[in-house]
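The values are calculated or read from the model by the stated rules, or taken from the named source; none is laboratory data. In this text, all values refer to a predicted model and were calculated from it rather than measured experimentally. Note that each Cβ is placed from the backbone with ideal geometry, even for glycine, and that neighbours are counted across all protein chains shown.
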């Protein structure tokens, strides 16, 4: 079986304290051995860079970022991404959501990726509640820095879980494909016999 292609991407602004969390996590991941099929990248704050990375074609996406969910600073969370389908929105609302990809939030970049047809069906966010992202300054707070190792472990667990999901789904996909081939062969046979 071909290994599942997973993109792990760190996003954030390293000039805004804890907003650089995702960048630091993927930097640490890059120092570790990863399973075949896993690509690690850092896209900073340029949402269009994330969309470009996804154009290479992936089965799953893990986004690592500082995420404000009103938790204790340093809390690591694993969130199934819910991405708006912009094709269901009025044109003016769609334009407002998708415009200005240069400084896009990860959510907006995911919407663009979905609209472009390159967003994997399985998209997970590994986030950390920031302590300080509003002030200019390089470096994570001690609280958030202490959560980096846990986030690295969560990303590795997510990659393993995604690969296991794909492995479990493979026999069903193969059976469905075989059934489709058999159905097409039967249709061709009936058409050839004039039935």
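Can you tell me which residue is surrounded by the fewest Cβ atoms within 10 Å (Cβ to Cβ) among those in segment 44-53 that are in contact (Cβ under 8 Å) with a residue 40 or more places away in the chain and assigned to a helix (DSSP H, G or I)?
Among those residues, the one meeting the criterion is 48.
What tally of residues in segment 6-36 results from selecting those that are over 14 Å from residue 147 (Cβ atoms), in a loop (DSSP other than H, G, I, E, B) and either touching a helix residue (DSSP H, G or I) at 6+ places or on another chain (Cβ under 8 Å) or in contact (Cβ under 8 Å) with a residue 40 or more places away in the chain (or both)?
Qualifying residue count, segment 6-36: 6.
Out of the helices (runs of 4 or more DSSP H) lying entirely within segment 54-157, which hold 3 or more residues that are crowded, with 21+ Cβ neighbours inside 10 Å and either at pLDDT below 90 or on the phi > 0 side of the Ramachandran plot (or both)?
In segment 54-157, the matching helices (runs of 4 or more DSSP H) lie at 106-116.
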